[in-house]
Amino acid sequence: MSIQHSILTYTGRYISLTEPHEAEFHITDIAHALSQSCRFGGHTRQFYSVAQHSVLVSQMVPVEYRLQALLHDAAESYFGDMVQPLKGLPSMGPYRDYERVMQSRLFDTYGVTPTPESTEAVKRADLQMLAAERRDLMAPDLSPWPILDGIFPRHASISPLMPVSAEALFLKRFKELAGVL
């Protein structure tokens, strides 16, 4: 495998960002990278990882959708957590395409088969977490976020974890849902 367009992971594997069909994913790489990645480009009042976000989203959906919810941002372990205003720009279409291919390959690897119903449930929980994260972790602000119209935040407050704890929590949740590490 050529390392062009690839990254070296925490466990020493090269993962191609353009051709992930040949990838040998390891859940430890995913958990570690997501635990090191701060939501909102780091613009939270305290460090808050994508790994913790993913675990919390996985707790908000029906049982049969929980692994999909836990892994819904897994591609970010290879691409990073790009802030939505940038990611949503029309010129970022090719980036989004690469990320979609990676996410699809990750779902295939871990036995997740998204359906319209599961995808909708995960998206709703993700938005409820976004509303809670805004409430609990961001600078106070009253500006409307159109993406949150009609969305109510999860009731419980978020207590951010440090990366080591978030990684352990993600791996524990993965083992609960997938039955293996």
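The values are calculated or read from the model by the stated rules, or taken from the named source; none is laboratory data. Quick caveat: nothing in here was measured; it's all calculated off a predicted structure. Cβ coordinates were reconstructed from backbone atoms using ideal geometry, including for glycine residues, and neighbour counts include every protein chain displayed. Remember, those area values only see protein heavy atoms, side chains included, never the ligands or the DNA or RNA. Shrake-Rupley method; radii C 1.70, N 1.55, O 1.52, S 1.80 Å.
The alpha-carbon of Lys175 sits under 14 angstrom from the alpha-carbons of these aspartates and glutamates, leaving out residues fewer than 8 places away in its chain: Glu167. Computed over the range 1-90, the quotient of the alpha carbon radius of gyration and 2.2 N^0.38 Å is 1.16. Toward the positive end of the charge dipole of the range 30-157, with +1 on the Cβ of Lys and Arg and -1 on the Cβ of Asp and Glu, the farthest Cα among Pro140, Ser91, Leu70 is that of Pro140. Radius of gyration over Kirkwood radius for the chain, both on Cα atoms: the Rg/Rh ratio is 0.95.
A Förster radius of 35 Å combined with the Cβ-Cβ distance from Gln59 to Leu142 puts the calculated FRET efficiency at roughly 0.75.
Proximity of backbone amide H atoms, modeled 1.01 Å from N, is registered between Ser6 and Leu17 at under 5 Å, excluding neighbours fewer than 5 places apart on the same chain. The Cα atoms of the range 74-181 give a gyration tensor whose axes a ≥ b ≥ c have a/c of 1.5 or more with a/b no greater than b/c, which makes the shape oblate. Using only side-chain charges placed at the Cβ, +1 for Lys and Arg and -1 for Asp and Glu, the dipole size of the range 36-99 relative to its Cα centre rounds to 220 debye. Summed over the residues of the chain and divided among them, the accessible surface reaches 53 Å² per residue at a probe radius of 1.4 Å. If I build a Gaussian network model for the chain, linking alpha-carbon pairs within less than 10 angstrom, which residue out of Leu56, Leu127, Leu148 has the largest mean-square fluctuation? Result: Leu148 has the largest fluctuation of those listed.
The phi-based Karplus calculation (6.51 cos²θ - 1.76 cosθ + 1.60; θ = phi - 60°) puts the 3J(HN,Hα) values of the range 160-173 at x, 9, 6, x, 4, 5, 5, 4, 4, 5, 4, 5, 4, 5 Hz, whole numbers, x for Gly and Pro. Sorting 150-159, 84-93 by their mean Cβ neighbour count within 10 Å, with the most densely packed peptide first, gives 150-159, 84-93. Excluding same-chain neighbours fewer than eight residues apart, the lysines reachable from Lys123 by a Cα-Cα span under 21 Å are Lys87. For the range 19-31, backbone phi angles converted through the Karplus equation (6.51, -1.76, 1.60; θ = phi - 60°) give residue-by-residue couplings of 9, x, 5, 8, 6, 10, 6, 9, 4, 5, 4, 5, 4 Hz, Gly and Pro being listed as x.
The portion of the accessible surface of the chain made up by carbon and sulfur, rounded to a whole percent, is 58 (1.4 Å probe; DNA, RNA and ligands excluded). Whole-Hz Karplus values for the range 85-98 come out as x, 7, 4, x, 4, x, 5, 8, x, x, 4, 4, 5, 4 Hz, taken residue by residue from phi with 6.51 cos²θ - 1.76 cosθ + 1.60 and θ = phi - 60°; glycine and proline positions read x.
The charge dipole of the chain, taken about its Cα centre with unit charges on the Cβ atoms of Lys, Arg (+1), Asp and Glu (-1) only, comes to about 380 debye.
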